[in-house]
Amino acid sequence: MQTFLTLEQIDQVAEAIRARTEYRPRVAIILGSGLNALAEAVRNPVIIPFGDLPHWPVSTVEGHVGRLVIGELEGQTVFVMQGRIHFYEGYTMAQVTLPIRVMQRLGIEMLIVTNAAGGVNPDYSPGDVMMITDHLNLIGMFGANPLYGPNLDEFGPRFPDMSQAYDRELHEQVRRVAAEKGIDLHEGVYVCLSGPSFETPADLRFLKMAGADAVGMSTVPEVTVARHGGMRVLGFSGISNKANLDGSTVTSHEEVLEAGKVIAPKLEALMRGVLRLL
Ligand code: HPA
């Protein structure tokens, strides 16, 4: 498996996408586990299965459809990833974040990233939505940072700033939309672990002490690369289950997919509201 991807390979993917559509999207949306249905909101879509694209890793996880849906939503041209790729599937971090590099070569300026997450904050319940205000890059602290390797100077600097990984102006807009629509919105810190095993109660007590409100297995690598390339980022976690801090409950992928049905309409309303304000 190749550890890094070259600019030439990234451009081959961008070219393959340009060849399939006249759309020139400005906003990308990544749909997490159980949130595929959000792509149905896209009007006049051009659909590209991941498998049609060179170098593009294909998701092996149930609940991740694995295709691009490019089209119109609330007056914006959007590039929706219906399904994503995870590190635990055996892909390199460069592969996991290839879609972000391709977005950047396509001229996409803004990323809305979503995921399913366990609620570490005891105030969170399944079905809740958390706007991500910051993240703990635990997976990166142990060496799995997508920017590991030669720096691609065309995108950004060797040592990119992460002091404002998530866009504060967009947060203000989301708060306004949530208040308008009467959507209860948590705000908190997301922590990314590699997975695929869920956490032990001791893991979860540690994460809680470290300041995490929600835990999952994605998003942080994508956001790191998005910020390296100067994109504005907005992130949401759909809380699919309560973290099992005392070992009294069991976590399953089925409940993650089930909670998505409650979360998707709230996320759709928030995203529509934000897109309308752009
Ligand atoms: N832990 C990690 N990842 C997750 C969880 C969880 O409890 N729920 C959904 N994704």
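The values are calculated or read from the model by the stated rules, or taken from the named source; none is laboratory data. Predicted model, so just to flag it, every value in this text is computed and none were measured. Methodologically, a virtual Cβ is constructed for each residue, glycine included, from the backbone with ideal geometry; neighbour enumeration extends over all protein chains shown. The accessibility values were calculated without ligands, DNA or RNA, using every heavy atom of the protein model including side chains. Shrake-Rupley method; radii C 1.70, N 1.55, O 1.52, S 1.80 Å.
Looking at 70, 85, which one is outside any helix (DSSP H, G or I), within 16 Å of the ligand (Cβ to nearest atom) and open to solvent by less than 10 Å² (accessible area, probe 1.4 Å)?
Sole residue among the options that is outside any helix (DSSP H, G or I), within 16 Å of the ligand (Cβ to nearest atom) and open to solvent by less than 10 Å² (accessible area, probe 1.4 Å): 85.
Identify, please: which residue in region 102-114 is farther than 24 Å from residue 244 by Cα and open to solvent by less than 20 Å² (accessible area, probe 1.4 Å) and is, among those, nearest to the ligand (Cβ to nearest atom)?
113
Looking at region 1-40, which of its residues are out of contact with any helix residue (DSSP H, G or I) (no Cβ under 9 Å at 6 or more places or on another chain), touching a residue at least 24 places away in the same chain (Cβ under 8 Å) and of a type in the set (A, V, I, L, M)?
If the condition is that a residue be out of contact with any helix residue (DSSP H, G or I) (no Cβ under 9 Å at 6 or more places or on another chain), touching a residue at least 24 places away in the same chain (Cβ under 8 Å) and of a type in the set (A, V, I, L, M), then 39 is the only one that fits.
Looking at 197, 218, which is the one that is without any contact (Cβ under 8 Å) to a residue 60 or more places away in the chain, among the polar types (S, T, N, Q), more than 15 Å from residue 121 (Cα to Cα) and within 14 Å of the ligand (Cβ to nearest atom)?
197
Of the residues that sit in region 200-215 and are in contact (Cβ under 8 Å) with a residue 60 or more places away in the chain and surrounded by fewer than 24 Cβ atoms within 10 Å (Cβ to Cβ), which one is farthest from the ligand (Cβ to nearest atom)?
Among them, the one singled out is 211.
Among the residues of region 125-153, what is the count of those that are in a strand (DSSP E or B), of a type outside the set (A, V, I, L, M) and within 14 Å of the ligand (Cβ to nearest atom)? First the steps, then the outcome.
Pass one, region 125-153, residues in a strand (DSSP E or B): 129-136.
Of the ones still in play, those that are also of a type outside the set (A, V, I, L, M) are 133-135.
Next cut, within 14 Å of the ligand (Cβ to nearest atom) only: 135.
Of the residues in that region, 1 qualify.
Count, please, the residues in region 115-124 that happen to be within 13 Å of the ligand (Cβ to nearest atom) and either surrounded by fewer than 23 Cβ atoms within 10 Å (Cβ to Cβ) or over 10 Å from residue 260 (Cα atoms) (or both).
So the answer is 6.
Looking at (1) within 16 Å of the ligand (Cβ to nearest atom); (2) part of a strand (DSSP E or B); (3) within 28 Å of residue 60 (Cβ to Cβ), which one does residue 186 not meet, given that it meets all the others?
The single condition residue 186 does not satisfy is (3).
Hey, can you tell me all the residues within region 4-40 that are modelled with pLDDT under 95, open to solvent by less than 80 Å² (accessible area, probe 1.4 Å) and under 30 Å from residue 118 (Cα atoms)?
Hits for region 4-40 are 31, 32, 33, 34, 35, 36, 37, 38, 39.
For region 259-273, give me each residue that is surrounded by fewer than 20 Cβ atoms within 10 Å (Cβ to Cβ) and either in contact (Cβ under 8 Å) with a residue 40 or more places away in the chain or within 14 Å of the ligand (Cβ to nearest atom) (or both).
261, 262, 266, 268, 269, 272, 273
Examine region 235-258 for a residue that is at pLDDT 90 or above, open to solvent by 30 Å² or more (accessible area, probe 1.4 Å) and out of contact with any Ser or Thr (no Cβ under 6 Å at 6 or more places or on another chain), and state whether such a residue exists.
No, because not a single residue in region 235-258 is at pLDDT 90 or above, open to solvent by 30 Å² or more (accessible area, probe 1.4 Å) and out of contact with any Ser or Thr (no Cβ under 6 Å at 6 or more places or on another chain).
Yes/no matrix, rows are residues, columns are (1) farther than 22 Å from residue 94 by Cβ; (2) touching a Phe, Trp or Tyr at 6+ places or on another chain (Cβ under 7 Å):
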site: 24; (1), (2): yes, no
site: 32; (1), (2): no, no
site: 44; (1), (2): yes, no
site: 50; (1), (2): no, yes
site: 54; (1), (2): no, no
site: 57; (1), (2): no, yes
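Can you find, within region 145-166, the residue that is farthest from residue 188 (Cα to Cα) among those that are out of contact with any strand residue (DSSP E or B) (no Cβ under 8 Å at 6 or more places or on another chain) and among the aliphatic types (A, V, I, L, M)?
Looking at the filtered set, the residue picked out is 152.
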